Amino acid sequence: QVQLVESGGGLVQPGGSLRLSCAASGSIFGIITMGWYRQAPGKERERVALITSGGSANYLDSVKGRFTISRDNAKNTVYLQMNSLKPEDTAVYYCNSLLRRNGEELIYSYWGQGTQVTVSS
């Protein structure tokens, strides 16, 4: 089985920074993409940032220039550095990975448990 474990959420004032981490572990053959999504109360889940195994990244327009996604392939870990945070960034942030498990051809999608980010003064 595969697990994604997130850390790094919390309460921060507007203009502040947070760094989220997500580590994938288990029977992993290869990770295709890792990404961060968020869901605010009463809103649909949206993709914040995505990074491929080759390092290509894309971002939600509203976070471009403020958030940076990176990954450590050796550790199967993805990070989201969030700077200049705004109250509208408040949400539960979820890590997602598309990957192949050992001995299988199928591509699976796994989710972390979510971590709360609250931006408030």
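General remarks:
Quick grid of which residues meet (1) under 15 Å from Gln3 (Cα atoms); (2) among the hydrophobic types (A, V, I, L, M, F, W, C); (3) in a strand (DSSP E or B); (4) within 11 Å of the chain's Cα centre (by Cα):
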{"site": "Lys43", "(1), (2), (3), (4)": "no, no, no, no"}
{"site": "Arg47", "(1), (2), (3), (4)": "no, no, yes, yes"}
{"site": "Gly54", "(1), (2), (3), (4)": "no, no, no, no"}
{"site": "Ser62", "(1), (2), (3), (4)": "no, no, no, no"}
{"site": "Val78", "(1), (2), (3), (4)": "yes, yes, yes, yes"}
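- If you check Ser53, Ser17, Ser70, Ser21 for being in contact (Cβ under 8 Å) with a residue 60 or more places away in the chain and hydroxyl-bearing (Ser, Thr, Tyr), only one passes: Ser17.
- Note on region 21-56: among residues that are touching a Lys or Arg at 6+ places or on another chain (Cβ under 9 Å) and open to solvent by 50 Å² or more (accessible area, probe 1.4 Å), the one that is farthest from Gly8 (Cα to Cα) is Phe29.
- Scan region 80-104 for residues that are in contact (Cβ under 8 Å) with a residue 60 or more places away in the chain and over 13 Å from the mean Cα position of the chain (by Cα) and the total you get is 11.
- Qualifying residue in region 22-38 (condition: modelled with pLDDT of 95 or more, out of contact with any Cys (no Cβ under 7 Å at 6 or more places or on another chain) and assigned to a loop (DSSP other than H, G, I, E, B)): no
- Candidates in region 57-83 are the residues that are open to solvent by 20 Å² or more (accessible area, probe 1.4 Å) and of a type in the set (Phe, Trp, Tyr); of these, the one that is farthest from Cys95 (Cα to Cα) is Tyr59.
- Within the span defined as region 85-104, one or more residues are assigned to a loop (DSSP other than H, G, I, E, B) and buried (at least 22 other Cβ atoms within 10 Å of the Cβ).
- Members of region 105-121 found to be out of contact with any Gly (no Cβ under 9 Å at 6 or more places or on another chain), in contact (Cβ under 8 Å) with a residue 40 or more places away in the chain and open to solvent by 40 Å² or more (accessible area, probe 1.4 Å), listed by number: Ile107, Tyr108, Trp111, Gln113, Ser120, Ser121
The values are calculated or read from the model by the stated rules, or taken from the named source; none is laboratory data. Quick caveat: nothing in here was measured; it's all calculated off a predicted structure. Backbone-built Cβ (ideal geometry, glycine too); neighbour counts: all protein chains shown. Heads up: the accessible areas ignore ligands, DNA and RNA and are worked out on the full protein's heavy atoms, side chains in. Shrake-Rupley method; radii C 1.70, N 1.55, O 1.52, S 1.80 Å.
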